[in-house]
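Each value in this text was obtained by applying a stated rule to the coordinates, not by laboratory testing. Predicted model, so just to flag it, every value in this text is computed and none were measured. Here the Cβ positions follow ideal geometry from the backbone for every residue, glycine too, while neighbour counts run over all protein chains shown.
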Amino acid sequence: AAAPEADAEPAPARPQKRRTRRKKHPANVLNLFPLYLFVFLTVVFFLLNLLTPDRELSDSENRMLQQRPHFTLSAVTDGSYFSDLEAWYADQFFNRDGWISRSLAGLRLLGRHESNGVWLGQDGYLLAEPEPFNEELLSDKVSAMRVFQQSHQDINMQLAVAPSAASVLVDKLPKNAPASDQLAVLDAVSSALEGYVGTIDLAAALAPHAQEYIYYKTDHHWTSLGAYYAFSDMLAPLGISSPCSYDSYVVATDFEGTLSAESGSHLSRDTVEIYVPSNT
């Protein structure tokens, strides 16, 4: 009898392919996190803007704010609806004044000394940057003054130009602020009007009082004290006799001027005084 055949070895089983779920790499999630956060904050603030009533006036910026535009087909067609919508979203942004102040505070920590054309000066002073010198415009004004004086030679005419705070309060300017040539321009005007109209140098009159409160910290105007010093210097050229004495009264202690609105800085408050003749 034939010997039984030895059991043949079974063929090796084919390994089955397992479907493995591909895990997201943590780095990919971290890379997308800023996008998720941006979308989330955009949605949140958009909803807050919709739920918050519109403000008509911004006290800090001293201007009227854009209101929610009305949807019309003509406004959509000419594009005005979307531009008004963008302006509304910017003006009515939730806690807008607070965001502006915080942004400016961060910029100051980084060493910035200017905001929207306003210098962030020393001791809380805000100073307007002088406008660029326009020689043609100045020449036209000087010529007009000469013509006017020639037509009214019987009148004592004096020109008194109020100097900007940046020209007088030089110690309050931030470091490395560009030097202003306003005083040189005033000297040029005085020379051009010589023989026609007298000029009163108010910058020289105010300079000795630069350490006093002669300009507001948050506004480009001089204070009542600064105006008093200027007025006192104008008496003699105008032929006015010495005035009586004055009593000053504080009428506000929380004034914020246009420079505060333009720069977004609300760190300072100004005091407003009025001067009343003491004998009347």
- Task: Can you tell me the relative contact order of the stretch 173-232? Whole percent, Cα pairs under 8 Å, sequence separation 6 or more.
- Result: 22 percent
- Message: Along the Cα→Cβ direction, 7 angstrom out, place labels at ASN31 and ASP54. What is the inter-label distance in nm?
- Response: 4.3 nm
- Message: If you average the alpha carbon positions of the stretch 215-280 and of the stretch 149-212, how far apart do those two centres end up, in angstrom?
- Response: 18 Å
- Grab the beta carbon distance between ASN156 and VAL272, set R0 = 30 Å, and tell me the FRET efficiency rounded to 0.05. 0.40
- Message: I'd like the Karplus ³J(HN,Hα) series for the stretch 215-226: coefficients 6.51, -1.76, 1.60, θ = phi - 60°, whole numbers in Hz, and an x wherever there's a Gly or Pro.
- Response: 10, 5, 6, 10, 9, 7, 7, 6, 7, 5, 5, x
- Pull up all non-local amide H partners of TYR246: gap of 5 or more, or a different chain, and H-to-H distance under 5 Å with H placed in the peptide plane. SER278
- Item | Charge tally in the Cβ shell below 12 Å around VAL161, where Lys, Arg are +1 and Asp, Glu are -1, VAL161 excluded | -1
- Step through the residues of the stretch 137-152 one at a time and calculate ³J(HN,Hα) from phi using the Karplus curve (6.51 cos²θ - 1.76 cosθ + 1.60, θ = phi - 60°), rounding each to whole Hz and writing x for Gly and Pro. 5, 4, 4, 5, 5, 4, 4, 5, 5, 4, 4, 5, 5, 5, 7, 9
- Note on the structure: For the pair SER242 and ALA188, the simple spin-label estimate (label points 7 Å beyond Cα toward Cβ) gives in nm 3.9 nm
- Task: For the stretch 130-136, just list the computed ³J(HN,Hα) in residue order, Karplus coefficients 6.51, -1.76 and 1.60, θ = phi - 60°, integers in Hz, with x standing in for Gly and Pro.
- Result: x, 6, x, 5, 10, 5, 5
- Ordered by packing density, taken as the mean number of other Cβ atoms within 10 Å over each peptide's residues, highest first, how do 165-175, 186-196 rank? 165-175, 186-196
- Message: Starting from 0.36 nm per residue, how many nanometres of slack lie between THR280 and ASP84 once their C-alpha separation is accounted for?
- Response: 65.2 nm
- Query: Taking amide H positions as placed 1.01 Å from N in the peptide plane, with prolines and chain starts having none, which residues 5 or more places from HIS220, or on another chain, fall under 5 Å of its amide H?
  - Reply: THR258, LEU259
- Mind listing the long-range amide H neighbours of GLU273? Cut-off is under 5 Å, sequence gap 5 or more, other chains count too, H placed in the peptide plane at 1.01 Å from N. SER224, VAL251
